[in-house]
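Encoded as structure tokens, the structure appears first; notes follow it.
The values are calculated or read from the model by the stated rules, or taken from the named source; none is laboratory data. Just so you know, these numbers come straight off a predicted model, no measurement behind them. Virtual Cβ from ideal backbone geometry, glycine too; neighbours counted across all protein chains shown.
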Amino acid sequence: MWQLYDTLIDGIDTNRKVDRAVHGQWRACVSSGGSAGLSSVIRPIGASAPISESIDSFKGKSLKDMATLVKSWDFKEAALGLAALNAYYNDRNILPPDSSEIYSLGTNDGDIFEILLPEIRDKKVGVIGHFRGLRELYQDLCRLYIFEREPKPGDYPDPAEEFLLPEMDIVIITGMTLTNKTLPRILQLSSDAKVVLTGPSSALAPCLSEFGVDMLSGMLVDNVEACLNSVMNSSYSMDFFQYARKVIVYL
């Protein structure tokens, strides 16, 4: 199960250093060499928002070493490790130029759910995680199955993935599954489907194609310092979108 994580970590340039790392109420963010990576914070059911803090102990340390924290079962550490991974892979200089689409800042261009609209019609579509407005957009076009650890009315609890994901035609997965370690098993269960990994936590790493991912949808931070400060100071989870562009990578 760790092969996916080890492959991601092994691909990081050993010369890259951590410039700054912050853990906010909703996101973690790590900067390195002019780029930054984001990840979503996992909050236990009923838990209050964590206190935002700057993680100064990593400054100047190896980005690759920090990225190993993604394997931690302490989800605060894992969020910081994933942000470090994304600081490397979600970098304009690292993205594969021939298969990446980088969209305009401050627009809804590059919305993966709208891009997939022509493909979902009359299909079985499994979605791991809640995405705002998705049910309204998709429910009349396809057979939609939303899987959630904290299910809302109409959702399936995540244990249902074991039974239902092998039946799906398309599976759309939140990048937070990298933090909670469920992604490798979800990919195994989705081996017959088209698989899309999406969200601010998504690592735009082409090597994920080795594990069954067909498309990546994530974020490319434009204004690194503003994004770091937003993550550190804001209690509103979507503020950072004004500092980052949507990106799609076709694998």
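Quick notes on this one:
- In the stretch 93-148, the residues that are polar (S, T, N, Q) and over 19 Å from Pro200 (Cβ atoms): Asn93, Ser99, Gln139
- Inside the stretch 145-155, residues that are surrounded by 15 or more Cβ atoms within 10 Å (Cβ to Cβ) and out of contact with any Gly (no Cβ under 9 Å at 6 or more places or on another chain) make up a count of 1.
- Listed here are the helices (runs of 4 or more DSSP H) enclosed by the stretch 28-144 that have at least 3 residues being surrounded by fewer than 17 Cβ atoms within 10 Å (Cβ to Cβ): 117-120, 134-138.
- Condition check for Tyr236: at pLDDT below 95, under 25 Å from Pro50 (Cα atoms) and touching an Asp or Glu at 6+ places or on another chain (Cβ under 8 Å): no
- Restricting the stretch 112-143 to residues that are over 16 Å from Gly154 (Cβ atoms) and among the acidic types (Asp, Glu), the residue that is nearest to the chain's Cα centre (by Cα) is Glu114.
- The stretch 164-186: number of residues that are surrounded by fewer than 22 Cβ atoms within 10 Å (Cβ to Cβ), over 16 Å from the mean Cα position of the chain (by Cα) and in a loop (DSSP other than H, G, I, E, B): 1
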